[in-house]
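Peer 1: Sharing a structure below in structure tokens format, with a few things to ask.
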Amino acid sequence: MRPLPVALVTVPPLLVLVVVQNPLLLGATCALSVALVAVSPPPRKPYVMFALTAAVLVFLINPFASAQGLTTIWQGPRIPVLDTEITQEELLYGLGAGLRLAGSALAFTAFIRLAAGDRVLAAVARVAPHSALIAALATRLLPALEADASGLVLAARARGARLGGRRPSAELLGPLVSLSLERSLSLAEAMEARGYGSGTRTRLPAPRWTRRERALLAVGLAISAVAAACFATGAGDYTYYPLAANPVTTAAVAASAAMLVLGAAAAGVVRWLD
């Protein structure tokens, strides 16, 4: 899929997750990222597990790493190097930070899984030709490693190998590195054979826009408008300390509802339109 519509449905939510503070709006924007990842091509489990683990760790650690807030929920024994007092404000701040981290990771995952690597290369080449190759390689590195690892695991299991433990799985690291080096040499030879960097660059004719890309572009423009409205009106403003404010405001509810509806629309476009 073209990078432009995918970027419009992932970058504005990413900016919202980085800038806003309201936990209600953070949760709705995180749900948008979850919906996009759910309809993206597999594999998805490693990315989701990383995002969830990081979010839960932040939520659990924040009450003991921060000594702020006035609404005490639980007071533990006094430990000199550890804050054992858990306040409502600390939990809310940890929840917001966890949603921000998980949503940002999933938004980036959705872009990687939905945007075509070759088209990302072409788009970056128009703006920064010297950085286009690096951008394309970085975008396609993890999917290529995943494909190699899947092939190695399938071949090993076909020969009766058991890969349940850490040590047998670690033995596949050597062949995986060898395949990566072999691919890099083949790529360098192909670039040299095609005269990369030696003359005028040529481009393949751009394919026509599909129905899915047009519909996703429209949804992305709507998401961008909602994100701009959040920044302009302060819908995401919120105060955690010293007393947590009420996150349910008219502006926050409206922006959150818009994010949820547009997230469902974007997921529907990716899932059902050709």
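Peer 1: If we count other beta carbons within 10 Å of each Cβ, what is the order of MET49, MET1, MET259, fewest first?
Peer 2: Ordered from fewest to most neighbouring Cβ atoms within 10 Å, MET49, MET1, MET259 come out as MET49, MET1, MET259.
Peer 1: OK, next. Report the residue, chosen from VAL226, VAL248, VAL37, that carries the largest GNM mean-square fluctuation when the chain is represented by alpha-carbon nodes joined by springs under 10 Å.
Peer 2: Of VAL226, VAL248, VAL37, the Gaussian network model singles out VAL248 as fluctuating most.
Peer 1: When you take every Cα atom in region 203-274, what is the radius of gyration, and what is Dmax, the widest Cα pair distance, in Å?
Peer 2: 17.1, 58
Peer 1: Simple spin-label model, 7 Å along Cα-to-Cβ: LEU243 to LEU173 in nm?
Peer 2: 5.4
Peer 1: Now for a separate question. How much FRET efficiency would the formula 1/(1 + (r/R0)^6) give for ALA190 and VAL153, where r is the Cβ-Cβ distance and R0 is 22 Å, rounded to 0.05?
Peer 2: Rounded to the nearest 0.05, the efficiency is 0.20.
Peer 1: Between ILE61 and LEU82, what is 0.36 nm times their sequence separation minus the Cα-Cα distance? Round to one decimal in nm.
Peer 2: 6.5 nm
Peer 1: I'd like to know which of LEU95, VAL127, ALA105 lies farthest towards the positive end of the charge dipole of the chain, counting +1 on Cβ of Lys and Arg and -1 on Cβ of Asp and Glu.
Peer 2: Toward the positive end, the furthest listed residue is VAL127.
Peer 1: Could you work out Rg/(2.2 N^0.38 Å) for region 33-83, with Rg from alpha carbons only?
Peer 2: Normalised Rg, Cα atoms only: 1.74.
Peer 1: Within the chain, which complete DSSP H helices have Cα atoms spanning at least 24 Å along the helix axis and a mean Kyte-Doolittle hydropathy of -0.5 or higher?
Peer 2: Within the chain the helices that satisfy the rule are 45-65, 88-114, 129-158, 173-193, 211-233, 250-272.
Peer 1: Next question, about the same structure. GNM on the chain, C-alpha springs below 10 Å: top fluctuator among ALA67, ALA235, ALA218?
Peer 2: ALA67
Peer 1: Using a Gaussian network model of the chain with C-alpha springs under 10 Å, which one of GLN75, GLN88, GLN21 is most mobile by mean-square fluctuation?
Peer 2: GLN75
Peer 1: To continue, here is another question. Here are labelled values, (i) 17; (ii) 10; (iii) 35, and one is the computed percent of Cα pairs over 35 Å apart for what I pasted. Which one?
Peer 2: Working out percent of Cα pairs over 35 Å apart from the coordinates points to (iii).
Peer 1: Just want the answer: with Cβ charges of +1 for Lys and Arg and -1 for Asp and Glu, which residue in VAL177, TYR238, VAL34 is farthest toward the dipole's positive end in the chain?
Peer 2: About the Cα centre, the residue reaching furthest to the positive side is VAL177.
Peer 1: Could you give the spread of the C-alpha atoms of region 1-101 along their three principal axes, from largest to smallest, in whole angstroms?
Peer 2: 56, 26, 18
Where a number appears in this text, it was derived from the coordinates with a stated rule and is not lab data. Given the structure is predicted, the values throughout are model-derived calculations rather than measurements. Virtual Cβ from ideal backbone geometry, glycine too; neighbours counted across all protein chains shown.
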